[in-house]
Amino acid sequence: MKRSRSASSSSSARKRLAPLVLLALVVAAGGASAQDARVAEARREGKVVWHTALALDSAQRLATRFEQTYGVKVEAHRSGSERILQRVMQELAAGIKNADVVNTSDTGHYVLLRRKNLLARYTPAGAERFADGFRDPDGYAWGWRAFPIVVPYNTRHVAGADVPHTWKDLLEPKWKNRLVMSHPGYAGSVVTQIIALEKLYGWDFWAQLAKNRVMLVQSIHDPGRTVRTVLSGERAAGVNGADYGLLYTERRRPGTTLAAAYPRDGVPLIFSPTAIMSFAPHPSAARLFTDFIFTREIQQLLADGEGLYVAHPDVTYPPDRPKLSELKVLVVDPDEIDRRTEDVKKRFVELFGA
Amino acid sequence: MRSSVVKSTFDRSVPVWITTAVTLVLLMILPLGWLAWVSVSSEQGTTFANYVQVFGDPHLQKALWNTIVLAFWVGAASLAVGVPMAWLTGRTDLPGKRTIRALIMASFVTPPFLGAFAWVMLAGPNAGLLNKVYRGLTGSDEPLMNIFTMSGLVFVVTLYSFPYVYIMIVNTLELIASDLEEAGAILGASRLRVALTITLPLALPAIISGFILAVLQALALFGSPAILALPAGFHTITTQIWTFFQYPPKVEQAAAFSIPLLLATALLLQLQKRLLGRRGYAGVGGKTGARRPIPLGRWRWAALAGVFAVLACTIVLPYAILAKAAFAKAWAQPLSWDNLTLANFTFTFFEYSATRDAIINTLELGIVTATVGAVMAALLAYVTNRRLVPGHQALGFLAVAPVVIPGVVLAVGLFIAYTRPPLVLYGTLAILFVAYLTKELPVGYAQADTTFKGVHPELEEAGRILGAGRLRVLREITAPLARSGIIATWCFVFIGVIRELSASIILFTPATKVISVVIFDLKEEGQFAAISVLGLFMLAMTFGIVLLMQTALGRDFLGAKD
């Protein structure tokens with residue numbers, strides 16, 4: 001087998017990684033020599049700059065794995081979806097072209113970025129078989145992962161009849177000063193959630209909720225503030241918890257006090273696409289990385305370790321995960337999110353104060 | 001080389017002063033000019049629409065009002081804490097003064113956002129440690145205190161602002177002769193009456209200017225309101241300005257909203273300068289005679305307990321909870337062997353890739369800014385003290401002028417000035433360097449100024465008479481004499497730089513993060529353990545530098561010589 005040798009010989013320091021490289025290449029590559037050339041090109045570029053809304057710990061694990069596999073450094077920047085957009089656009093406005101791959105949990109972002117011609121068209125390997133909702137007919141932004149927004153609660157403070165069954169249950173006065181939620185100015189998934197529930201109950205729902213004096217934090221995600229705030233007992237329950245990562249792993253741990261309620265009136269399902277920027281300074285590394293995060297191995301890792309729903313059709317889900325087809329999911333059209341995001345954030349500030 | 005210096009009729013120092021002056025103008029005028037310009041510009045041309053929009057918005061009016069409320073109460077509370085403490089340590093026979101001074105100094109150098117963060121863990125209404133203890137003791141359902149409120153914010157900001165009042169007053173008390181107080185006592189006035197009718201009026205200008213300093217602190221802070229006010233659903237000016245940068249950015253509105261903060265700061269400082277400039281107070285201005293400490297009698301131990309209660313809130317409790325969170329698997333759970341771990345350190349320093357770069361960036365910026373800043377401050381202080389160029393007063397003014405620019409406002413100005421040609425610094429460490437240098441120059445200048453006031457000109461004149469050029473005199477006579485003062489300047493600037501958040505938060509890019517920004521990022525993630533680890537790291541660095549400085553100066557840097 002020539003491929004492992006040529007992939008690893010360029011750097012003697014990487015030699016001990018040869019078996020890993022071989023494994024990854026066997027899994028990921030179609031044609032061996034074409035793949036060799038891609039890896040070589042990516043290495044020449046040196047690194048890939050990755051902005052992601054994936055949980056910090058998970059993002060870091062994934063980055064390390066890519067580095068070990070290909071010997072290409074990943075500069076991972078984890079932040080909230082809205083913050084990522086802000087930072088990338090702010091850099092761009094100053095003529096700085098640093099970002100390669102962007103992954104946010106606000107599908108509206110990709111409508112905006114495409115409109116501004118900031119996305120490169122790229123079809124990741126195996127994309128034709130991606131699950132429903134994860135494909136992009138135009139070939140720019142591919143759904144990489146998805147997760148439901150649920151109500152996390154602390155079992156020491158919420159039990160029995162108090163466990164909310166619908167979103168509207170959270171409007172009861174007994175929740176006053178006991179709820180926490182993430183901010184739509186930071187977390188993209190919250191924008192989607194707000195629109196989804198607004199479509200169900202109108203703005204009145206959010207106005208009523210604001211009266212319960214909800215504590216505002218920034219991040220929704222594992223290891224999100226909302227979930228951590230509930231876990232620490234600072235608030236009894238959360239208005240929005242991304243059910244993956246911390247919320248998922250923690251509530252499977254024996255003896256945990258964290259639980260999640262799936263509201264019966266519908267669970268917002270958040271798609272988190274990934275795309276390569278048109279100006280990506282490391283385009284080959286970006287494409288290699290994109291293929292890598294869509295490999296079955298990595299996608300299975302996201303499903304098992306993080307409890308995420310993913311694009312790859314061959315991924316198996318843990319038995320305790322509800323099937324997407326069994327849930328009443330609320331999905332909001334990306335165009336609508338893009339159109340309404342400004343207004344949603346403005347109204348939110350008016351209702352919640354900050 | 002030497003002979004040319006001697007023979008030269010052209011004073012070679014002139015270019016040095018010109019360069020320094022030009023740099024100053026660039027640091028100040030460019031960002032502020034752009035700030036003012038952008039605040040009145042729109043796509044249609046010059047306009048006041050930005051101001052109308054910003055000040056007509058009820059939500060923004062509220063942010064404005066919140067800032068005023070915050071600043072006023074912080075000023076008042078800082079007086080309530082700082083004045084008695086200064087009097088107790090400066091004038092009475094309170095035991096443990098050295099320790100108290102050391103702890104106040106520690107509060108002074110503690111980054112306020114770390115304090116605010118620690119207080120989230122101490123007094124979060126439900127999970128906060130103190131509230132848990134309180135509920136456990138009383139069986140009450142209500143928390144003892146809720147830190148996510150305006151009063152909580154005032155409380156925490158005061159803890160790290162009162163040292164300004166303290167320093168102001170303790171230094172003034174040292175200058176007030178005790179014979180006036182003794183005269184009062186001989187005439188039969190009680191200790192309290194002496195304090196209220198003699199000492200207090202003499203110290204009044206210092207008290208008011210301490211109040212103003214504390215108010216200025218509160219006005220300019222970004223970290224503490226971001227940590228405590230935003231979860232409670234209210235904004236201050238600084239957090240609001242920061243929010244304007246969310247996509248799509250509203251830089252014009254940010255600029256318009258920055259102007260009142262800038263004006264308020266300038267106005268307050270002008271007021272303070274006037275107050276301190278009035279030297280109509282007999283007895284203040286020189287040391288006369290020995291001062292005897294006032295005996296506290298039976299109040300001694302009660303006073304000591306009060307002082308330590310304050311210091312427990314600023315130092316002991318916050319540091320303890322940070323340490324606990326750094327070493328615990330779950331910070332809200334009791335500290336047991338099961339709950340102990342070093343994993344947080346491993347994660348922060350070895351797994352989280354942002355940390356390493358941020359530490360390197362911070363150190364690089366700290367060292368470069370401190371070095372450039374110390375040299376600049378020294379040159380400026382030298383030239384103004386020796387009156388070397390015409391217009392030296394103006395130079396002195398320019399050196400301290402940046403003190404009126406709150407960090408956030410400076411950042412908005414720099415952002416606008418350096419994201420466009422000819423000088424695109426945004427996205428590089430250079431823009432942070434410019435920000436830090438501008439922000440720290442006044443502090444550095446003040447320190448260097450004190451230093452040169454203490455170096456007598458006659459030594460330099462002797463050197464000049466013997467034929468040495470100005471630069472040679474500077475190198476061989478002045479520099480060695482001023483060395484420890486310059487080292488202190490360096491340390492002051494360095495400490496200021498590594499804790500800077502309010503300008504950094506607007507000027508950083510993903511590739512140029514510094515430690516404070518990483519801490520803020522981690523805060524948004526709720527990563528308490530990693531924040532605590534980085535916070536402790538930052539404190540360790542700070543105290544290392546403080547020790548260095550005290551060794552250089554041979555005294556503690558609040559001015560005590562004992």
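The values are calculated or read from the model by the stated rules, or taken from the named source; none is laboratory data. Please read all numbers here as calculations on a predicted model, not as lab measurements. Quick reminder, even Gly has a Cβ in these numbers, built from the backbone with ideal geometry, and neighbours come from all protein chains shown. Heavy atoms of the whole protein, side chains included, go into the accessibility calculation; ligands, DNA and RNA do not. Shrake-Rupley method; radii C 1.70, N 1.55, O 1.52, S 1.80 Å.
Considering only residues that are away from every other protein chain (no Cβ under 14 Å) and in a helix (DSSP H, G or I), which ones fall in the range A:325-339? Matches in the range A:325-339: A:S325, A:E326, A:P334, A:D335, A:E336. Among the residues of the range B:400-452, those that are of a type in the set (V, I, T), within 14 Å of chain A (Cβ to nearest Cβ) and open to solvent by 10 Å² or more (accessible area, probe 1.4 Å) comprise B:T419, B:V424, B:T428.
With the range B:91-194 as the region, which helices (runs of 4 or more DSSP H) entirely inside it contain at least 3 residues that are open to solvent by less than 10 Å² (accessible area, probe 1.4 Å)?
B:97-109, B:112-123, B:150-175
Applying the set (1) over 20 Å from A:R264 (Cα atoms); (2) under 14 Å from the mean Cα position of the chain (by Cα); (3) of a type in the set (A, V, I, L, M, F, W, C); (4) in a helix (DSSP H, G or I) to A:V190 leaves exactly one unmet item: (1).
The combined condition, being surrounded by fewer than 21 Cβ atoms within 10 Å (Cβ to Cβ), assigned to a loop (DSSP other than H, G, I, E, B) and not basic (K, R), is fulfilled by A:T256.
Scanning the range A:176-205 for residues that are farther than 19 Å from A:R339 by Cα and away from every other protein chain (no Cβ under 13 Å) gives A:Y201, A:D204, A:F205. More than 14 Å from every other protein chain (Cβ to nearest Cβ), outside any helix (DSSP H, G or I) and open to solvent by 10 Å² or more (accessible area, probe 1.4 Å): does that describe B:G467? Yes. Candidates are the residues of the range A:84-123 that are under 17 Å from A:G139 (Cα atoms) and of a type in the set (A, V, I, L, M); the one that is farthest from the other protein chains (Cβ to nearest Cβ) is A:A120. When each of A:R145, A:R129, A:R178, A:R135 is tested for being closer than 22 Å to A:S81 by Cα and open to solvent by 20 Å² or more (accessible area, probe 1.4 Å), the lone residue that passes is A:R135. Of the residues making up the range A:286-300, those that are farther than 13 Å from A:A63 by Cα and either outside any helix (DSSP H, G or I) or among the aliphatic types (A, V, I, L, M) (or both) are A:F294, A:T295. Can you pull out the residues in the range A:91-111 that are open to solvent by 20 Å² or more (accessible area, probe 1.4 Å) and assigned to a helix (DSSP H, G or I)? The answer is A:L92, A:A93, A:T107, A:V111. Any residue at all in the range A:223-231 that is in contact with a Phe, Trp or Tyr (Cβ under 8 Å, 6 or more places away or on another chain), over 18 Å from A:Y153 (Cβ atoms) and either within 12 Å of another protein chain (Cβ to nearest Cβ) or of a type in the set (A, V, I, L, M, F, W, C) (or both)? Checked against the condition, which is being in contact with a Phe, Trp or Tyr (Cβ under 8 Å, 6 or more places away or on another chain), over 18 Å from A:Y153 (Cβ atoms) and either within 12 Å of another protein chain (Cβ to nearest Cβ) or of a type in the set (A, V, I, L, M, F, W, C) (or both), the range A:223-231 yields no hits at all. Within the range A:84-105, which residues are in contact with a Phe, Trp or Tyr (Cβ under 6 Å, 6 or more places away or on another chain) and at pLDDT below 90? Within the range A:84-105, just A:A94 meets the criteria.
Please work out if B:T369 is over 30 Å from B:P15 (Cα atoms) and more than 14 Å from chain A (Cβ to nearest Cβ). For B:T369, the condition - over 30 Å from B:P15 (Cα atoms) and more than 14 Å from chain A (Cβ to nearest Cβ) - is not met.
In the range B:341-357, of all residues being at the interface with chain A (Cβ under 10 Å from one of its Cβ atoms) and of a type in the set (S, T, Y), the one that is most open to solvent (accessible area, probe 1.4 Å) corresponds to B:S353.
Consider the range B:507-527 and keep the residues that are over 21 Å from B:L221 (Cβ atoms) and assigned to a helix (DSSP H, G or I). The one that is farthest from the other protein chains (Cβ to nearest Cβ) is B:T512.
B:Q550 - would you say it is free of Cβ contacts under 8 Å to residues at least 12 places away in the same chain and away from chain A (no Cβ under 14 Å)?
So B:Q550 passes the test.
Restricting A:E75, A:E91, A:E67, A:E82 to those that are among the acidic types (D, E) and within 13 Å of the chain's Cα centre (by Cα) reduces the list to A:E82. For the residues A:S33, A:S81, the requirement of being crowded, with 19+ Cβ neighbours inside 10 Å, more than 9 Å from chain B (Cβ to nearest Cβ) and hydroxyl-bearing (S, T, Y) singles out A:S81. Taken over the range A:304-324, the criterion of being surrounded by fewer than 20 Cβ atoms within 10 Å (Cβ to Cβ) and in a helix (DSSP H, G or I) is satisfied by A:D304, A:G305, A:L324. Return only the number of the condition from (1) over 17 Å from B:N385 (Cα atoms); (2) open to solvent by less than 60 Å² (accessible area, probe 1.4 Å) that B:L474 does not satisfy. The failed condition is (1). Against the list (1) in contact with a His (Cβ under 7 Å, 6 or more places away or on another chain); (2) away from every other protein chain (no Cβ under 14 Å), the condition A:V267 fails is (1).
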